[in-house]
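This report refers to the structure that appears directly beneath it.
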Amino acid sequence: MENASANVSEKDGSVNKSENSLNSADESVSLKVADESPTLSLTNESATLSLADESGRLSLANESATLSLADESASLSLANESDSTDSADESEEKNNIDDIREEMDHEKDLPLMSNVKDIHISHYILQLKCLMDTRELMGHVTLLRCCDQARCRECTKNRTLNQKITVKSKCSKIKESQEKESKFNIQRIESEHNYIDFFSETSIVPGQVKTESLSDHSYNCADMICAQQSSSLNAKNSSTFCNNTSNVSSMNTVNVTDHAISLDGTLENSPNDFKMILDCCDIEVDYVEELDLSLYMFKDLVENNYNKDLNENLTLVTKALGRLKWEYGKHSVSVWKEGMKTESHFPSVIRIHYRTKPTGQSLKWTLDQDENWCVFTHGHWINNRSFFPSQDSPTAMATWQAEIEVQKHLSVVMGGDNHEMVAKSDEDGWKKEYFNSRMEMPSSTISLAIGYWSFVTIPLKYNKGELYRKPCRVVGPRSILCQSITELRDYIPVCLGEVNNILGPYPFPRLDVLIVPPCFDSLGMASPCVIYIAQSLLAGGCSMFVRIAHEICHSWFGLVIGPKDWTEEWLTEGFCTYIEDILHLNVIQANGLCDESEAIAEKQLRMYLKYKTLQNELLTTSADLQMLRPNKDNTESSTNYVKDGMNPDKRFLQVHYLKGYFLLCYLESFVGLDKFLRMLHSYVITFYKELVSSEDVISFMFNVLPELKDNGLTEEKILGDWLDKPGMPEALEVYGLSDGNVQLQQVKKQVSLLRMSYPTAGSRKRKRKLNMKPKLEDLSPLQLVLFLEKLLEDEKIPAIQLVNIRTRYHMMSQNADVQHRWCELVIKHKVQKFYQDLKKFLLNHQAMGVYLYGEMVLSGCKQQKKLAEECFNSLKDHMEPDPYSTVKAMVYGT
């Protein structure tokens, strides 16, 4: 901006009228003359006014609006504000209050702080040492960014917008393919030569439209990791976006602590300096430095040298160019280089030296089932933000590699393309293990677990043909593996074979199944190449392995095909819940545990139980949490938050699972199971490695399945009735299980038989029957769940009959689902002799026990409340944060 000057008289402060107009290259500034004192009116707040002694020189800058006056009579007036500085202070205070209110409004939302639209990290290199004694990881993360900003923006645009443009053409292509030949040909993948190699960029799938995949740009971006300048236009646009991002995130900024002072100077920087903002929480940063890394070295690291000493290789070919400045925010860490005004000037490679905190919520340090210390990433609300600083956003895809140093007796489980490469232990008893991923994934999907665990390799044989030839291991404490490996060895290979027939080849090169410690607050969690399962799934044979099937399905729905908006969870959970029943029943049939008619009856029974669960949940869940597309009407600014991303009320809800499940069942009813599964197979091929929205998915289904329109359905009606409204969809308001279901009839018979033994008031004859022990028939675990739920409807059950039920069905040897309902009966009827069953369940099945604490407190029984306090106090030191706070509030009211 050009400087302008005016002659000012020191005596009376008046301004020469011949020079009362100022022109700027960017904005116009007018100078008004008053009788007594000069008043400056600015149309733009980004100006600096300086009135000197006699020279009276007025200078304008681009950023701040600052007034320096030699004469007290002069005043500054802004066009959009009042004429007094008091009103300016009031306005600033009002803005601060608005910021606080906005932060309170988003208190339960997960903030997305990283400015990924402006600068994109294409590769992470983690080099960490596990200090089990102090409960921390120590080391650094190296971030390599894409310098070709235009390409990065185009990649992001493709991820978030491309499907709306191409979905109909994709659907048309698939329909053409289906007309010519059956697309769903399961024999296509029975031969090794017919495998689809999704890791090859040159793979061609019949009927697939060629589009840019999510991983196509990583190496192209790497080609740009060199000192190059963007055009001035791109730089200007990027700078503008960065400023906007800084404004949005300012309300989350906290005062910088002494620990956040960079070693090469203070935190004070020019407002024009470009900042890289990373999502980060509960991490101690030591310092940040810029590195000089050649393009050749980068490619060599990614493609070849992941199994070598990363630190040695990087040291040989890189050098530190200097320390960078940085500061903490509430949910972020910002990094900048002094004097760098745009992202095109920002360093291509930076390294953040840091250590994690024992209390960081991305890592759980706890004891395993063998009483040994371990640590694992457990998918908390904040994702991996207290594991390492990253761009934590759905569209922020990157490749990665890791060097993890541990004591030689520890085992490391981590995602990646291959099993770990282990360096020899050094003299001090430490070893290094190496992992990498050439597939681009969000940083939230990186998993790490370290413990004193054993590995058992599962031979993957499948009686319908060897469809799966990738390595698979079960990992966990030795005591747990000895108890459960037989059932897992029988189930997992068949499950992988069956899912190949439905969705296509397993999309990752290997699979580790880790049995996590009892404090894990979920029954399962999936990440690339690694699945966590709770020990609760291992009781009672394979009756709860349907959850393993669910987690395996996440490899397709959630990992290689993800939602653009993380609030649309039904796109992952609903799809997996739908496939899990089909997959699980195919497995148990293949293993000879039931015939086809029994499998159909069990599927109907599962659907009925899901409906009852959804019905009960909708009665107690707030309306805003019942909608599957909560961001539909929000403005673009909503992308700065994941709505209800940290809402504890949502932690244990199944609305997205069950409404999504029933929506798919509803659509299936119009076309039949076989055709619907063929559509899902086409869906996987079409959107492989892409992000989707609810509109994309529904539009795809209507294009591939014309029968939906023929039956009077429309995309708008499905979106409106199922996704955008709370409550039960109209199509589900009346639902019942057919009386022809044999398994249901068996349950009803047992319930009626038991109720006949209840005493009737005033009837001595009925009282004499209290000693009767009805002969109860065998029931499957799923039937037992329904049997106990029916009994929970009874106001009073004689204690002798509860004893009969427990003895007849060996309740504490059943699976965790059955035990949970049994414990509900014990709580409701205050059966003191079975309180030990309740205690055992709470200690061994922590992910399923939270609800029971509330029931025990509400029972009004002092013994139950005391038992709840006892169990909570014995577990609280190892509980995960959300169950801890929830149970504490239940038990102590705080």
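Descriptive notes on the structure:
- Residue check, residue 843 surrounded by fewer than 17 Cβ atoms within 10 Å (Cβ to Cβ) and under 21 Å from residue 816 (Cβ atoms): yes
- Applying a threshold of 6 Å to beta carbon distances and a minimum spacing of six or more residues, or different chains, the list of pairs starting in segment 865-891 at a residue that is closer than 22 Å to residue 830 by Cα and open to solvent by 50 Å² or more (accessible area, probe 1.4 Å) and ending at one that is aromatic (Phe, Trp, Tyr) and part of a helix (DSSP H, G or I) reads 890/853.
- Here residue 566 clears all of (1) open to solvent by less than 50 Å² (accessible area, probe 1.4 Å); (2) closer than 29 Å to residue 690 by Cα; (3) in a loop (DSSP other than H, G, I, E, B) except the condition numbered (1).
- All of (1) touching a residue at least 40 places away in the same chain (Cβ under 8 Å); (2) open to solvent by less than 60 Å² (accessible area, probe 1.4 Å); (3) out of contact with any Cys (no Cβ under 8 Å at 6 or more places or on another chain) hold for residue 851 with one exception: (2).
- Exactly one residue out of 569, 617 is within 28 Å of residue 696 (Cβ to Cβ) and in contact with a His (Cβ under 6 Å, 6 or more places away or on another chain): that is 569.
- Yes/no for residue 716 being acidic (Asp, Glu), in contact (Cβ under 8 Å) with a residue 24 or more places away in the chain and over 23 Å from residue 607 (Cα atoms): no
- In segment 534-548, the residues that are assigned to a helix (DSSP H, G or I) and either within 17 Å of residue 511 (Cβ to Cβ) or in contact with a Cys (Cβ under 6 Å, 6 or more places away or on another chain) (or both): 537, 547, 548
Per-residue answers, yes or no, for (1) closer than 21 Å to residue 663 by Cβ; (2) part of a helix (DSSP H, G or I); (3) in contact (Cβ under 8 Å) with a residue 40 or more places away in the chain:
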position	(1), (2), (3)
550	yes, yes, no
575	yes, yes, yes
578	yes, yes, yes
582	yes, yes, yes
605	yes, yes, yes
624	yes, yes, yes
628	yes, no, yes
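- Criterion: closer than 28 Å to residue 642 by Cα, touching a Cys at 6+ places or on another chain (Cβ under 8 Å) and among the small types (Gly, Ala, Ser) - qualifying residue of 386, 393, 344, 348: 386
- Total residues in segment 349-381, condition assigned to a loop (DSSP other than H, G, I, E, B), crowded, with 22+ Cβ neighbours inside 10 Å and out of contact with any Ser or Thr (no Cβ under 6 Å at 6 or more places or on another chain): 2
- Single condition residue 530 does not satisfy, out of (1) over 18 Å from the mean Cα position of the chain (by Cα); (2) under 30 Å from residue 388 (Cα atoms): (1)
- Annotation for segment 409-425: at least one member residue is at pLDDT 90 or above, in a strand (DSSP E or B), in contact with a Gly (Cβ under 9 Å, 6 or more places away or on another chain) and buried (at least 24 other Cβ atoms within 10 Å of the Cβ).
- Subset tally (residues that are open to solvent by 60 Å² or more (accessible area, probe 1.4 Å) and either among the small types (Gly, Ala, Ser) or touching a residue at least 24 places away in the same chain (Cβ under 8 Å) (or both)) for segment 802-832: 6
- Odd one out for residue 578, checked against (1) at pLDDT below 95; (2) among the aromatic types (Phe, Trp, Tyr); (3) more than 30 Å from residue 116 (Cα to Cα): (1)
- Filter result for residue 514 (part of a helix (DSSP H, G or I), under 25 Å from residue 363 (Cα atoms) and of a type in the set (A, V, I, L, M, F, W, C)): no
- Failed criterion for residue 860 (all others in (1) on the phi > 0 side of the Ramachandran plot; (2) in a helix (DSSP H, G or I) hold): (2)
- Test result for residue 443, within 21 Å of residue 387 (Cα to Cα) and crowded, with 23+ Cβ neighbours inside 10 Å: yes
- Qualifying residue in segment 450-469 (condition: under 28 Å from residue 125 (Cα atoms), modelled with pLDDT under 90 and open to solvent by 10 Å² or more (accessible area, probe 1.4 Å)): no
- Within segment 748-768, restricting attention to residues that are open to solvent by less than 70 Å² (accessible area, probe 1.4 Å) and either modelled with pLDDT of 90 or more or not hydroxyl-bearing (Ser, Thr, Tyr) (or both), the residue that is farthest from residue 542 (Cα to Cα) is 766.
- Given (1) open to solvent by less than 20 Å² (accessible area, probe 1.4 Å); (2) closer than 19 Å to residue 489 by Cβ; (3) out of contact with any strand residue (DSSP E or B) (no Cβ under 9 Å at 6 or more places or on another chain), number of the condition residue 539 does not satisfy: (1)
- Filter result for residue 632 (farther than 23 Å from residue 850 by Cβ, open to solvent by 30 Å² or more (accessible area, probe 1.4 Å) and not in a helix (DSSP H, G or I)): yes
- Members of segment 776-801 found to be part of a loop (DSSP other than H, G, I, E, B) and either in contact (Cβ under 8 Å) with a residue 12 or more places away in the chain or under 35 Å from the mean Cα position of the chain (by Cα) (or both), listed by number: 776, 777, 779, 780, 792, 794, 796, 797, 798
- Scanning segment 395-408 for residues that are of a type in the set (S, T, N, Q), farther than 24 Å from residue 368 by Cα and in a strand (DSSP E or B) yields 399, 401.
Residue-by-condition table, conditions (1) assigned to a loop (DSSP other than H, G, I, E, B); (2) open to solvent by less than 10 Å² (accessible area, probe 1.4 Å):
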{"site": "652", "(1), (2)": "yes, no"}
{"site": "660", "(1), (2)": "no, yes"}
{"site": "668", "(1), (2)": "no, no"}
{"site": "676", "(1), (2)": "no, yes"}
{"site": "683", "(1), (2)": "no, yes"}
{"site": "696", "(1), (2)": "no, yes"}
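- Remark: pairs (first residue in segment 473-487, within 21 Å of residue 448 (Cβ to Cβ); second residue modelled with pLDDT of 90 or more and among the β-branched types (Val, Ile, Thr); Cβ separation under 6 Å; 6+ apart in sequence or on different chains) = 473/457; 474/456; 474/513; 475/413; 476/515; 480/515; 481/456.
- The set of residues from segment 584-603 being hydrophobic (A, V, I, L, M, F, W, C) and either at positive phi or outside any helix (DSSP H, G or I) (or both) comprises 593, 594.
- Only a single item in (1) within 28 Å of the chain's Cα centre (by Cα); (2) surrounded by fewer than 14 Cβ atoms within 10 Å (Cβ to Cβ) is not met by residue 712, and it is number (1).
- Output for segment 686-707, where each listed residue is closer than 22 Å to residue 670 by Cα and charged (D, E, K, R): 695, 696, 707
The values are calculated or read from the model by the stated rules, or taken from the named source; none is laboratory data. Here the structure is a predicted model, which means the values were calculated and not measured. All Cβ positions, glycine included, derive from the backbone under ideal geometry; neighbour counts span all protein chains shown. What goes into the accessible areas is simple: the full protein's heavy atoms, side chains included, and nothing from ligands, DNA or RNA. Shrake-Rupley method; radii C 1.70, N 1.55, O 1.52, S 1.80 Å.
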